[in-house]
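Below: one structure, written as structure tokens.
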Amino acid sequence: MENIVTFAAVVITYVADLKKIIVVREPAKALSGARLYAKIPGGGVEESESSMEAAIREVFGETGESVKIPKSALKEVGRTHHTRADTNHWRIFFWAEITTRDFTGDLGTIGDEGEVWSLEDPSIIYSEEFLPSQAEFLKTLIAQRSIEFK
């Protein structure tokens with residue numbers, strides 16, 4: 001049996017002068033009972049790119065081209081791993097602290113994957129609306145960095 005390894009890059013984008021984390025609200029796919037769910041922008045790393053390049057590309061695409069993250073702003077902050085059948089899946093988390101000059105759109109913009117939205121109240125992370133596979137990591141990171149919200 002072949003051992004397949006996949007990588008995904010996820011970017012926690014904190015807009016410092018607004019004190020908000022950018023998330024994308026998507027129509028519920030596999031989550032029953034929920035109309036929308038929120039997730040941190042991110043996605044698969046293609047064969048020809050680094051995880052950092054994938055992170056920048058995914059945020060740009062999923063936010064309707066409204067968030068441009070300078071490569072110098074990205075910092076890897078952790079990795080998670082899970083195995084399913086013959087696939088080893090790694091999720092690489094990046095932190096990007098930007099300002100409104102890097103955010104050219106408006107909240108409510110429709111991107112490739114849903115509506116660009118901001119996490120203003122961290123309690124949503126504990127709700128059924130937030131993508132469960134990202135929730136634990138985000139809760140820990142918010143506590144470690146003492147992130148303030150408006």
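Remarks
- Per-residue Karplus couplings for region 11-26, computed as 6.51 cos²θ - 1.76 cosθ + 1.60 with θ equal to phi - 60°, are listed in order as 10, 8, 9, 9, 8, 4, 6, 9, 6, 9, 9, 7, 10, 10, 9, 10 Hz, Gly and Pro entered as x.
- Annotation: amide H-H contacts under 5 Å for LYS20 (H modelled 1.01 Å from N, sequence separation of 5 or more, or interchain): VAL15.
- Local charge for GLU97 was computed over the other residues whose Cβ lies under 14 Å away, with Lys and Arg +1 and Asp and Glu -1, and equals +3.
A short reminder: the numbers here are calculations on the coordinates, not readings from a lab. No experiment lies behind these values; they were computed from the predicted model shown. Cβ atoms come from the backbone with ideal geometry, glycine included; neighbour counts cover every protein chain shown.
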